[in-house]
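The values are calculated or read from the model by the stated rules, or taken from the named source; none is laboratory data. This is a predicted model, so every value here is computed, not measured. Glycine gets a Cβ as well: all are built from the backbone with ideal geometry, and neighbour counts include every protein chain shown. The area values use the complete protein model at the heavy-atom level, side chains included, leaving out ligands, DNA and RNA. Shrake-Rupley method; radii C 1.70, N 1.55, O 1.52, S 1.80 Å.
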Amino acid sequence: MQIKPGQLQEFLLDSNFIPKDKLELAIKECGAEGKDLAACLLEKQYITEAELQKVYAYVLGIPFVDLSKDAIPFDILSIIPEPIAKKYGIVAFQKTGTNLKVAMLNPEDIQTIDFIKKKTGLKIVPCLTSRESIQIMLRQYEKSLKAEFGDILTDEVNKSQEEEKDGDLEKIAAGLPIIRIVNTLLKHAILQSASDIHIEPLETEVIVRYRIDGVLHDAMTLPKDVAAGIVARIKVLSNLKLDEHRLPQDGRFKIEKEDYKISFRVSILPVFDGEKIVMRLLDESSHGLTLEKMGLMGEPLEKVRREIGKPNGIILVTGPTGSGKTTTLYTAMDILNTPDVNISTVEDPVEYRMIRVNQTQVNPKIGMTFAAALRSLLRQDPDIIMVGEIRDEETLEIALHAAMTGHLVLSTLHTNSAAATLPRMLDMGAEPFLIASTVNVIIAQRLVRRLCVECRKSYRLDAKEVESLGKLYKLDEILAVLRKNPMAKKFVEKAKAWEDIELYQAVGCDQCTEGYRGRVGVYEVLEMDTDIRKLVTQSATSEEIEQQARVSGMETMVEDGFIKIVQGMTTVEEVMRATKE
């Protein structure tokens, strides 16, 4: 989109859209470097892309539209075919008589406007929009899962049953109806940002469920006739044995498109009514995950940053399965991954591929255990080692000695809290002095669903709710922590009691699932100091360690959860679900 350099500069100076001193500095700098002013402003984050598009719309005298929250009728949307819409960034959103309004990224693309005019016979009225708005509108081309299956589950599927009677699984797996069913299930799981797909055979039907934001939802019920075909198709994709129905099998495959790259980790398990499939979706195209985006903030974030910057020692992440431990480790490795260090990992399985990181897959069947791989890895001159999980005494001992001899070790353990990790290591047979001298920091975490900001509703607790909540948590202590916490105190400083604090609850809208959209972590970060090291050498209990850590300023997971509750990030129900022992 061409707009004269002087026009943008002139408008921004006249409008005070950006503070004059910042704008003049940007003009001077981009002039010296020969850069485009718009690119310079975006780079310095003085303006967002959506705001820049609004400015362009004003300068060019073209309407600006934001349709990211609007549902466009499918008959209007489909006037412009999906491939054209995607390729040229143009979407039809309103038809009045012979006029068709279109949202575009470049309204000066006369060639595309003329092409659509000839194809539709309508007068095209171009409007400018943002890239984000276009991407959200393009998703509306996707039919709902049920509507799409209504088209697929026709007589074609019945044809494939004749082949099933012949027992030719390979032919069924390659059949068009089964390919379409599996492709549709995978596509909709990706569109809904599911983390897992469960395909469960019952006596008379097949249930398909998606795990979205940590909670399973029914997605589809399919006829039992297609079960064998779906299993065969997924076995073909994962390169597994088609004729093996009695033993569990594990595999993986990948789907790559222009806008995403998803790896599927497949587990097939024989059950009473057939074979159950669970697929874990791993988004290999997602970049830019930071500790802040995951939910670490304030003092806990500073502690983690400080400790991962040390050249040696152990960083432990603890929590149950599915609490985001691996994601935290990968994010820490991403921060540490620079050309001047050698990072090596031992994992079971390797979940995400990382550039410049040497990743080793555990295989116990051939003796490649965590301990054996870790012992060999120490001869590979590593600076940083990531051990997927410390499961036994031998692995723990090697990890502790690696940390003692100048390596930074990152790993996970299954414990309920940060303080419980140290006694657990003692129970596994580690020497108290080794633990005290090597452990840098312990991060305990859970995941809670993040409230959808489009539809969340504010409310206040009544006396009865405060009373029942008080039976579960020490509310007076939590309120005292909130008043001291820099991130939470502005939300509670005027409140005399819990009934005065504004909280939020989930409602639900077209943009979210049950009022939630995405997840955020709740953490407790235990940084080892002299007092805690002393307690470890004395084989103290987890209660004694936690008490000392609280004196040193540690906030518990429940307290971190309540900080996020008063900020409007999540709900009381979510924190209760995630932190209850």
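Trypsin sites (Lys or Arg not before Pro) within the stretch 450-487: which are DSSP loop residues with at most 16 other Cβ atoms inside 10 Å?
Working: sites: ARG450, ARG456, LYS457, ARG460, LYS464, LYS471, LYS474, ARG483, LYS484; in loops: ARG456, ARG460, LYS471, LYS474.
Those that pass, being in a loop and sparsely packed, are ARG460, LYS471, LYS474.
Net length available on complete extension from LEU216 to ILE255 is 11.8 nm, with 0.36 nm assigned per residue and the Cα-Cα distance removed. With the charge dipole of the chain set up from +1 on Lys and Arg Cβ and -1 on Asp and Glu Cβ about the Cα centre, the Cα lying farthest toward the positive end among the listed residues LEU138, ALA418, THR221 is that of LEU138.
Scalar couplings 3J(HN,Hα) for the stretch 73-88, obtained by applying the Karplus form with A = 6.51, B = -1.76, C = 1.60 to θ = phi - 60°, are x, 4, 5, 6, 4, 6, 4, 9, x, 3, x, 5, 4, 5, 5, 10 Hz; x denotes Gly and Pro. Normalised size of the stretch 441-581, defined as Cα radius of gyration per 2.2 N^0.38 Å with N residues, equals 1.15. The Cα center of the stretch 351-375 and the Cα center of the stretch 423-464 differ in position by 27 Å.
Give me the Kirkwood hydrodynamic radius of the stretch 88-142, using the inverse of the mean 1/r over all pairs of distinct Cα atoms, in Å to one decimal. Walk me through the numbers on the way to the answer.
Values: mean 1/r = 0.0877 Å⁻¹.
The Cα-based Kirkwood calculation yields 11.4 Å.
Let me check I've understood the local charge: for GLY295, count other residues with C-beta under 13 angstrom from its C-beta, Lys and Arg +1, Asp and Glu -1. What total comes out? Walk me through the intermediate numbers first.
Working: positive: LYS293, ARG446, ARG449, ARG450, ARG519, LYS564; negative: GLU292, GLU524, GLU555, ASP560, GLU574.
Computed value for this residue: +1.
For the chain, CYS127 have no disulfide-compatible partner, since no other Cys C-beta lies under 4.7 Å from theirs. Ranking VAL304, ILE385, ASN358 by Cα position along the charge dipole of the stretch 298-451, where only Lys, Arg, Asp and Glu carry charges on their C-beta atoms, puts VAL304 farthest toward the positive end.
For GLY406, the shell of other residues with beta-carbons less than 13 Å away shows a net charge of -1, using +1 for Lys and Arg and -1 for Asp and Glu. Of the residues MET368, PRO126, ILE197, the one whose Cα sits farthest toward the positive end of the charge dipole of the chain, with +1 on the Cβ of Lys and Arg and -1 on the Cβ of Asp and Glu, is PRO126.
State the three equivalent ellipsoid semi-axes of the stretch 359-514, derived from the C-alpha gyration tensor as the square roots of 5 times its eigenvalues, in descending order and whole Å. Spell out each step's value before the answer.
Numbers: eigenvalues 393, 86, 42 Å².
For the stretch 359-514, the semi-axes come out at 44, 21, 15 Å.
Dipole check for the stretch 337-414: with +1 at the C-beta of Lys and Arg, -1 at the C-beta of Asp and Glu, and the Cα centre as origin, the magnitude is about 240 Debye. Dipole magnitude for the stretch 303-361: about 260 debye, using +1 per Lys or Arg Cβ and -1 per Asp or Glu Cβ, origin at the Cα centre.
Summing charges over neighbours of MET368, with a neighbour being any other residue whose Cβ is under 13 Å away from its Cβ, gives 0 when K and R count +1 and D and E count -1.
Under the classification rounded if a/c is under 1.5, otherwise prolate if a/b is larger than b/c and oblate if not, where does the stretch 477-538 fall, given a ≥ b ≥ c as square roots of the Cα gyration tensor eigenvalues?
Numbers: a/c = 3.81, a/b = 1.61, b/c = 2.37.
Note, shape of the stretch 477-538 comes out oblate.
Accessible area per residue for the stretch 179-249 is 43 Å², calculated with a 1.4 Å probe on protein heavy atoms, without ligands, DNA or RNA. For the chain, a crude dipole built from +1 on the beta carbon of Lys and Arg and -1 on the beta carbon of Asp and Glu, taken about the Cα centre, is about 1160 debye to the nearest 20. Summed over qualifying helices (DSSP H, 4 residues or more, each -39500 (n - 2.57)) and divided by its residue number, the chain shows a 222 nm mean residue ellipticity of -12000 deg cm²/dmol.
I need the semi-axes of the equivalent ellipsoid of the stretch 400-492: take the C-alpha gyration tensor, multiply each eigenvalue by 5, square-root it, list largest first in whole angstrom.
Numbers: eigenvalues 300, 57, 39 Å².
Three semi-axes, in Å: 39, 17, 14.
By the equivalent-ellipsoid construction on the alpha carbon gyration tensor, the stretch 219-306 comes out with semi-axes of 37, 16, 13 Å, ordered largest to smallest.
Provide the convex hull volume over Cα atoms per residue for the stretch 237-396, in Å³. Working shown, then result.
Values: hull volume 26.4 nm³, N = 160.
Dividing the Cα hull volume of the stretch 237-396 by its residue count gives 165 Å³.
Placing one equal scatterer on every Cα of the stretch 62-124 and applying the Debye formula, the log10 ratio I(q)/I(0) at q = 0.18, 0.26 Å⁻¹ is -0.60, -1.36. The alpha-carbon atoms of the stretch 375-414 define a convex hull whose volume equals 62 cubic angstrom per residue.
Per the 1.4 Å probe, what fraction of the accessible area of the chain, in percent, lies on carbon and sulfur atoms?
Details: 14490 of 29520 Å².
Ligands and nucleic acids excluded, carbon and sulfur give 49 percent.
In Å³ and rounded to a whole number, note down the convex hull volume per residue for the Cα atoms of the chain. The partial results should precede the final answer.
Numbers: hull volume 125.4 nm³, N = 581.
Per-residue hull volume (Cα only) is 216 Å³.
Legend: residue pairs LYS101/LYS187; LYS325/LYS474; LYS235/LYS365, Cα-Cα distance threshold 24 Å; pairs beyond threshold, LYS101/LYS187; LYS325/LYS474.
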